[in-house]
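See structure below.
The values are calculated or read from the model by the stated rules, or taken from the named source; none is laboratory data. All figures in this text were calculated on a predicted structure; none of them were measured in a lab. With ideal geometry, Cβ positions are generated from the backbone for all residues, glycine too; neighbour counts draw on all protein chains shown. What goes into the accessible areas is simple: the full protein's heavy atoms, side chains included, and nothing from ligands, DNA or RNA. Shrake-Rupley method; radii C 1.70, N 1.55, O 1.52, S 1.80 Å.
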Amino acid sequence: MGYEALRRVTTKVAMTVAAAALIAPSLSMPAGASTSNPYSGSGFDESYPQCSATATPSGFAIIGVSHGRPFTSNTCAASEWKAAGTGSKSLYFNTGYALAYAKSETTTCKAKAASMSFSATGHQLSALQTAWAIGCSEADVAYLSAPGTPVAWWADVETGNSWSTNTSLNQATIDGIVTEMNSLVNNLVPVGIYSSPSMWDSIVGTSYVNGAIAADWQAGASICPSSGFTLSSSSYAPVWLVQTGTTVVKGTTFDTDLAC
């Protein structure tokens, strides 16, 4: 998740999205999940591109456990976590949908998906359940890669990764991600979304509601916006962070973030 790379992605022609005719069950915030912003001041995020770093910026840290794609691992996540010190630390992971990812489904998620109900039947129902299982499995893999206990988990949702032109499949994938991660952390750690308004809308459409998303982390913003980009019932999730740009520390470039 790089600010410069993201800026290039957002200049591309937006993907063509199909009408979301198949709607997944509405999700709501788990009772135990925190709704308080755990961040203050400024901080940074890093992942595999910063593996050779000899120093880090000051402030809170958000460490990526993926290697740029779902079902991959950042092999230096543990050392980055340790180097970030004792301040507020979080984790993020890459997400996406591709039918090829079905080969990486976990047994647990495949079983859970089989009981998921959607307003669809036959092949359409099967496709949505597979998408849900893919998202669920992405959360499983990320959770197992955690180098420590974070104050929040963030799902990185960007057009730079693979997504379907069918927004219903993408919605089911994100439902699986958020539901499973909330389950894995026993609803005690907030689960949020890293994206931008334009990327989020192009991936899931403009009417997708997921009330289990605790907060938004907005990419490419210079100041904190007045509203988030993920819909929760009739309102938007709060913006806890904005990714404002980059900074260089001892020759290594880091993304910089500001608490809202």
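Modelled spin-label separation between ILE223 and THR75, with each label point placed 7 Å from Cα along the Cα-to-Cβ direction: 4.5 nm. Here the chain has 54 percent of its accessible surface on carbon and sulfur atoms, given a 1.4 Å probe and all protein chains in place. Over the chain, Cα pairs under 8 Å with separation of 6+ residues give a relative contact order of 25 percent. Label separation (CYS51 vs THR107): 3.0 nm, computed from points 7 Å beyond Cα along the C-beta direction.
Computed FRET efficiency, Cβ-Cβ of THR253 and SER198, R0 25 Å: what is it to the nearest 0.05? Here the calculated transfer efficiency is 0.60. Charge dipole (Cα centre; +1 on Lys/Arg Cβ, -1 on Asp/Glu Cβ; no other charges) of the stretch 41-138 amounts to roughly 220 debye. In the chain, excluding the sites themselves, the longest stretch lacking any of the trypsin sites (Lys or Arg not before Pro) that are in a DSSP loop with at most 12 other Cβ atoms within 10 Å is 13-249. Computed from the Kirkwood radius of its Cα pairs, the Stokes-Einstein diffusion coefficient for the stretch 162-260 at 4 °C and 1.567 mPa s stands at 89 µm²/s.
Between helix 122-144 and the chain, what is the angle of the helix's C-alpha long axis to the longest principal axis, kept within 0 to 90° and rounded to the nearest 10? Roughly 20 degrees between the two axes. Helix-only arithmetic for the chain: the sum of -39500 (n - 2.57) across DSSP H runs with n ≥ 4, divided by the residue total, places the mean residue ellipticity at 222 nm at -8500 deg cm²/dmol.
Simple point charges give the picture: +1 on the Cβ of Lys and Arg, -1 on the Cβ of Asp and Glu, and for the stretch 114-253 a dipole about the Cα centre of about 180 debye. Placing unit charges on the Cβ atoms only, positive for Lys and Arg and negative for Asp and Glu, gives the chain a dipole magnitude near 200 debye about its Cα centre. With protein chains left intact and a 1.4 Å probe, residues in the chain average 41 Å² of accessible area per residue. In this label model, SER40 and ALA114 are separated by 4.9 nm, measuring between points 7 Å along each Cα→Cβ vector. Straight-distance candidates among the lysines for linking to LYS250, with alpha-carbon spacing under 22 Å and chain neighbours fewer than 8 residues away dropped: LYS82, LYS89. Note on mean projected area of the Cα convex hull in nm²: of the candidates (i) 12.7; (ii) 25.5; (iii) 13.6, the value calculated from this structure sits at (i). Compared with the alpha-carbon gap, the fully stretched path from SER235 to LEU188 is longer by 14.7 nm at 0.36 nm per residue. Extension gain for THR246-ALA83 works out to 56.8 nm (0.36 nm per residue, less the C-alpha to C-alpha distance).
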